[in-house]
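The structure appears below as structure tokens.
All of the numbers you see were taken from the coordinates with simple rules; none came from a lab. Given the structure is predicted, the values throughout are model-derived calculations rather than measurements. Neighbour counts run over all protein chains shown; Cβ positions are idealised from the backbone, glycine included.
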Amino acid sequence: MASKLYRIGIVGAASLAGKELSDELGESVLAASNVTLLDDEDESAGQVTAAGEEVAFIQKIDAESFDRMDFVFFAGDAGVTKRHWQEARRSGASIIDLTYALEEEKDVLVMSPWVTETLGTRVHGMKEPDLKTPAVVPAHPVVVMLGVIAARLGSQKRIVNLAATVMEPASEHGRSAMDEMHQQTVSLLSFQNLPREQYDAQVSFNLLPMLGESAKVKLASAERRIRRQFADLSDGSLPPLALQMVQAPVFHGYVVSVLVELADAATEDEVEHALAGEHIDVVSAESEPPSNLSAAGQEDIMVRVSGDFEGERGTRFWLWLAADNLKLAALNGIACASELRRLRPTGKVQ
């Protein structure tokens with residue numbers, strides 16, 4: 001039997017993001033690792049779930065949970081991350097925070113290997129993690145989507161303007177947000193009062209650019225995070241992002257409408273050719289357009305191109321993007337961990 005290469009902990013293993021991460025680890029370059037599923041919630045401890053292809057129990061976090069861990073992913077509640085990340089760090093583990101709780105901590109880096117690889121030498125100011133880096137935060141899935149698309153297109157066509165409208169799914173905010181959207185749908189169909197604890201607004205059968213004042217889901221915070229991370233990762237190599245977030249009445253998957261303006265006229269075929277490559281699935285006009293449904297379970301970012309002009313050539317193009325938000329977040333987190341492996345030479349994967 002092959003030896004385990006790394007010891008990995010997933011904190012928040014019962015969450016939507018934690019389950020997706022556990023599944024994706026089993027298919028990744030870290031698949032041979034010994035994965036421990038952890039949670040801070042009493043109701044989650046003892047649950048039977050899967051870690052890759054193996055059955056596993058979710059363990060309650062205790063004083064020895066992080067001993068000899070190489071990597072610890074935080075994928076559940078931000079409050080749990082803040083309570084336990086220093087314990088994991090003191091144990092010598094590399095911290096990957098998918099909850100964004102550590103984003104403003106000193107020397108914590110926001111990372112997206114997909115974006116930085118696509119940008120290549122155009123980014124000069126991006127810091128790389130080292131042994132003193134306390135934690136890394138995988139970039140928001142929308143930042144990955146827009147960053148890869150803009151970097152790929154910008155490598156061949158100069159972009160002068162970039163604007164995006166993002167349709168936010170309920171699953172991005174966890175099981176409670178999904179449950180409330182479901183209950184709102186049931187209540188509306190049965191003419192009952194709507195639960196509003198998560199959104200403080202009707203989100204079922206509705207589209208909203210902002211939520212109620214008492215909402216636990218913070219749409220404006222997500223918008224600020226995407227703007228900030230996109231600017232940091234592009235480091236001036238891409239134009240500023242004009243962005244609007246819209247809460248969509250869907251459970252899973254991001255759909256993003258992007259208007260891109262080029263410096264020089266091009267054809268739709270030229271733009272499609274420029275976008276084609278790793279991590280991007282260009283969907284032709286002859287196929288069904290990308291959607292949150294067609295993107296479910298897909299690893300790539302789906303995109304359809306259409307010109308906003310008459311004739312064969314123009315400078316303004318609409319890009320219709322779709323991606324599985326949970327899978328993209330998990331893949332980006334694993335890509336970050338793979339980058340951190342160089343800090344652990346004794347665990348090198350051959």
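Considering only Cα-Cα distances, which of the following residue pairs are longer than 18 Å: LYS106/LYS132; LYS82/LYS106; LYS19/LYS327? Those over the limit do not exist; all pairs fall within it.
For the chain, averaging the sequence separation of C-alpha pairs within contact (under 8 Å, six or more residues apart) and dividing by the residue count gives a relative contact order of 17 percent.
Ranked by the mean number of other Cβ atoms within 10 Å per residue, highest first, peptides 6-15, 264-273 order as 6-15, 264-273. Summing +1 for each Lys or Arg and -1 for each Asp or Glu among the other residues whose beta-carbon sits under 13 angstrom from that of GLU312 gives -3. Shown for the chain are no DSSP H helices, since none reaches 27 Å along its axis, judged by Cα atoms, with a mean Kyte-Doolittle hydropathy of at least -1.0.
Other residues whose C-beta falls under 13 angstrom from the C-beta of ARG225 contribute a net charge of -3, scoring Lys and Arg +1 and Asp and Glu -1.
Taking amide H positions as modeled 1.01 Å from N, with prolines and chain starts lacking one, the residues under 5 Å from ASP200 and 5 or more places away or on another chain are LYS216. Residues whose amide H falls under 5 Å from that of THR36, counting only those 5 or more places apart or on a different chain, are ILE8, GLY9, ILE10, with hydrogens built in the peptide plane. Using the Cβ of HIS273 as centre and a radius below 12 Å, the other residues enclosed give a net charge of -2, where K and R count +1 and D and E count -1. Positive-end ranking of ALA220, SER257, SER187 along the dipole of segment 144-325, with charges on Cβ about the Cα centre, is headed by ALA220. Computed about its Cα centre, the charge dipole of segment 144-325 is approximately 680 debye, with only Lys, Arg, Asp and Glu carrying charge at their Cβ. A protection proxy built from the mean count of other Cβ atoms within 10 Å ranks the segments 300-309, 92-101, 322-331, most packed first, as 322-331, 92-101, 300-309.
Applying the Karplus relation 6.51 cos²θ - 1.76 cosθ + 1.60 with θ = phi - 60° to segment 293-298 yields 3J(HN,Hα) values of 6, 5, 7, 4, x, 8 Hz, where x marks Gly and Pro. Here the dipole of the chain is about 1000 debye; that uses its Cα centre as origin and unit charges on the Cβ of Lys and Arg (positive) and Asp and Glu (negative).
Judged by the mean number of other Cβ atoms found within 10 Å, the most tightly packed of the peptides 22-28, 56-62 leads the ranking 22-28, 56-62. Pairs of Cα atoms in the chain fall into 10 Å distance bins, from 0 up to the last occupied one, in shares of 5, 24, 32, 25, 11, 2, 0 percent. Backbone amide hydrogens, once placed in the peptide plane, bring ALA139 within less than 5 Å of MET111, SER112, excluding anything fewer than 5 places away on its chain.
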